[in-house]
Amino acid sequence: MRHYIAVIVPHAEVGWRAHFPDLPGCRAESRHVDIAIGQASNAAREQVGKLLLNGSPPPPRSMEEIRADEAWATERSIDWTKALICVVPVSTPD
């Protein structure tokens with residue numbers, strides 16, 4: 001089992017949006033933060049399943065590594081002072 005970090009941020013149009021720095025294209029959103037967290041977990045499982053069909057998903061990074069990835073945060077307008085961090089367990093065959 002791997003644990004991926006979801007960065008959950010307030011979003012003007014949808015309420016809350018969850019991003020996965022280590023799972024490209026994977027995100028979830030909801031008007032309510034608790035629902036966004038649940039949706040994030042579902043989205044991560046689906047994305048990892050898709051990635052497993054083509055090899056293996058990327059290894060998860062630490063929070064320090066993600067925070068150091070300024071390009072990723074800038075592209076998504078992440079404001080770390082408003083972000084919530086959630087660790088999502090995802091079953092993998094490794």
Inset, instruction - Working from the alpha-carbon coordinates of the chain, get Rg over Rh, Rh being the Kirkwood radius. - result: 0.95
Inset, instruction - Sum -39500 (n - 2.57) across every DSSP H segment of at least 4 residues in the chain, then divide by the residue count to get the 222 nm mean residue ellipticity, nearest 500. - result: -10500 deg cm²/dmol
Inset, instruction - Calculate one ³J(HN,Hα) per residue across segment 56-64 by plugging θ = phi - 60° into the Karplus curve 6.51 cos²θ - 1.76 cosθ + 1.60, and present them in order as whole Hz with x for glycine and proline. - result: 9, x, x, x, x, 9, 7, 4, 4
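Only counting other Cβ atoms within 10 Å, I'd like Cys26, Cys86 sorted with the fewest neighbours first.
Numbers: Cys26 23, Cys86 17.
So the residues, fewest neighbours to most, are Cys86, Cys26.
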Inset, instruction - Output ³J(HN,Hα) for segment 6-21: one whole-Hz value per residue in order, computed from phi by the Karplus curve 6.51 cos²θ - 1.76 cosθ + 1.60 with θ = phi - 60°, and x for Gly and Pro. - result: 9, 9, 10, 10, x, 9, 4, 8, 10, x, 9, 10, 9, 10, 10, x
Inset, instruction - For every other residue with a beta carbon closer than 15 angstrom to the beta carbon of Glu46, add +1 if it is Lys or Arg and -1 if Asp or Glu, then tell me the sum. - result: +2
Inset, instruction - Working from Cα positions, state the angle (0 to 90°, nearest 10) between the long axis of helix 33-53 and the longest principal axis of the chain. - result: 30 degrees
Inset, instruction - Using amide H atoms built 1.01 Å from N in the peptide plane, name the residues 5+ places from Arg61, or on other chains, whose amide H lies under 5 Å from its own. - result: Ile5
Legend entry - Glu75-Leu52 pseudo-label distance in nm [points 7 Å out on the Cα-to-Cβ vector]: 2.6 nm
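Quick note: the coordinates plus some simple rules give every number you see, no bench work behind them. Remember, predicted model here, so these are calculated numbers, not experimental data. So basically every Cβ, Gly included, is an ideal-geometry build from the backbone, and we count neighbours across all protein chains shown.
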